[in-house]
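Below is one structure, written out as structure tokens, with a few remarks after it.
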Amino acid sequence: MTSVTPPARPRIVIIGCGFGGLEAARALRSAPVDVTVVDRTNHHLFQPLLYQVATAGLSAPAIAAPIRHLFRRQANATVLLGEVVRIDVQARAVHLKDGLALPYDHLIVAAGAAHSYFGNDQWAPYAPGLKTLDDAFDIRGRILLAFEAAEKEPESQRRADWLTFVVIGGGPTGVEMAGTLAEIARHTLPGEFRNIDPATARVILLEGSDRVMQSMPPTLSQRAQEQLEKLGVDVRVNARVTAIDEDGLTVQKPAAGLPPGETRAADSYRIRSKCIIWGAGVAASPLGRQLAESTGATVDRAGRVVVEPDLSLASQPEISVIGDLAAAKSHTPGQEPQPVPGVSPAAKQMGRAAAANILRRIAGQGTAAFRYRDYGNLATIGRNSAVVDLASPLGPVRFSGYFAWLFWLFAHVFFLIGFRNRVVVLMDWAWAYWTFARQARVVTGLASTPVQAGASASEVAAAEAAHKGPAA
């Protein structure tokens, strides 16, 4: 009797374990396939609350979960820590930085997005963005150490520079960051310093368009701006940044009645600040352009890969691109295709849709066009303040203020990964609500960075070079 070798199970590789990659892998848990999840970090990150880590409201473990722990009970899933450097579409293999090659029969690319400085990458050292835990730790250090530097600064103008915080970008991240910074200055830190009054700190939010929260209707945008201004945030719209350096930034549109410390040129004005946070733009992972070059696919201005209605590539249907890396459209019967926004619910839905289409291909069936269900947008402004825009069968539901803040709070707790994280976040928020305290105000690496002493960027670079020693 001759033995029959069972056919090999289809190999599915998923690049990235953000919202899209995680949902795709979970959707395949009961399928007769072998799934390999590759990520450059060992954790899944709940990015909507990342700004809370950056502003010392939450600790990192409260919004992150080890990827291996998430898949410990999914027998068909293998987790690998590694950075993807190349996708060989001819050999159907994913190459990692350490030299490992992963063969695949089907590939889901969910590599996410990075910061975009609109061609001005030289601004990055002075205005960090917020995408990863490392970014959050960096920004947290800059914020807290700015107050420390101001406490030691005898010269009034330089002290004011340290106490001027500028957030660039009026989207959800920028709005939430600016509101929280105002709360830290006015409610958390007063009474802890002897030479400065933290409540005198200035928080400026710059938005290049004519209103903040562009993804929301104008009425809610106006409410968001009003709530920010009530917290003490200086909101400036139609303010385009043209230069950033170690001492501040230049804004194109002139402003009437500039506060002390700002100087005007013919068509611009200068804001002196030692702490600038970037939230104005994102760009797709560089992996998208590399994939497009090897497959003949096209990319949009943000570097996102243009995909077919079923989220696959026209020339390589075995490859699906989802999440922030995909320039996808929602195909609702009877309606014109609509662009899919770069938000976490969209990434989750794309992950499930891509997994379902792979299973259809394996079964020899036709694939289905992706249809995005828009549940709405929400953002918190600060304590007891938020804006909510929900989609419903009866029409949009829009509200703001205290009840919107409660809705935002419970919605984010509900979608957190893991019961422990939900309990921890609720407890931390309850404590902060009643005491105004922020327990995650820990900064490390002070021995190797001179930022707390008020050093310039050139002095920082020199200190880092001395710390690292001569090159080998």
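Report the antiparallel proportion of the DSSP beta bridges in the chain as a percent, rounded to a multiple of 5. Here the antiparallel bridges make up roughly 55 percent for the chain. Membrane-span-like helices in the chain, defined purely by DSSP H runs whose alpha carbon atoms cover 15 Å or more axially and whose average Kyte-Doolittle hydropathy reaches -0.5, are 133-152, 172-183, 344-362, 402-415, 419-435, 457-468. Positive contributions from Lys and Arg (+1) and negative ones from Asp and Glu (-1), summed over other residues with Cβ under 12 Å from the Cβ of A199, come out at -1.
Evaluate Rg over Rh across the chain, taking Cα atoms for both radii and Kirkwood's formula for Rh.
Computed over Cα atoms, the ratio is 0.99.
Kirkwood-type hydrodynamic radius, region 121-280: 15.9 Å, calculated from all non-identical alpha-carbon pairs.
For region 31-112, taking Cα atoms only, Rg and Dmax work out to 15.2, 47 Å respectively.
The HN-Hα couplings worked out from phi for region 43-50 by the Karplus form 6.51 cos²θ - 1.76 cosθ + 1.60 (θ = phi - 60°) are 9, 8, 10, 8, 4, x, 10, 5 Hz, whole numbers, x standing for Gly and Pro.
Each peptide in 167-180, 141-154 gets a packing score, the mean of other Cβ atoms within 10 Å over its residues, and the list from highest to lowest is 167-180, 141-154.
Under a model in which nothing but the beta-carbon of Lys, Arg (+1) and Asp, Glu (-1) is charged, the chain shows a dipole of about 1140 debye around its Cα centre. Dipole magnitude for region 121-280: about 320 debye, using +1 per Lys or Arg Cβ and -1 per Asp or Glu Cβ, origin at the Cα centre.
What's the tally of Lys pairs in the chain whose alpha-carbon atoms lie under 23 angstrom apart, where the two lysines are 8 or more places apart or on different chains?
For the chain, the number of qualifying lysine pairs is 6.
Placing a pseudo-label 7 Å from each Cα along the Cα-to-Cβ vector at H331 and D134 gives an inter-label distance of 3.8 nm. Ranked by the mean number of other Cβ atoms within 10 Å per residue, highest first, peptides 304-314, 274-284 order as 274-284, 304-314.
Across region 89-180, the fraction of Cα-Cα pairs farther apart than 19 Å, rounded to a whole number, is 61%. Ordering P218, A243, S294 by the projection of their Cα atoms onto the charge dipole of region 170-317, which places +1 on the Cβ of Lys and Arg and -1 on the Cβ of Asp and Glu, puts A243 at the extreme positive end. The value of relative contact order for the chain, using C-alpha pairs under 8 Å at least six residues apart, is 17 percent.
None of the figures in this text is laboratory data; all of them are computed from the coordinates on show. Small disclaimer: the values here were computed from a predicted structure and weren't measured. Note that each Cβ is placed from the backbone with ideal geometry, even for glycine, and that neighbours are counted across all protein chains shown.
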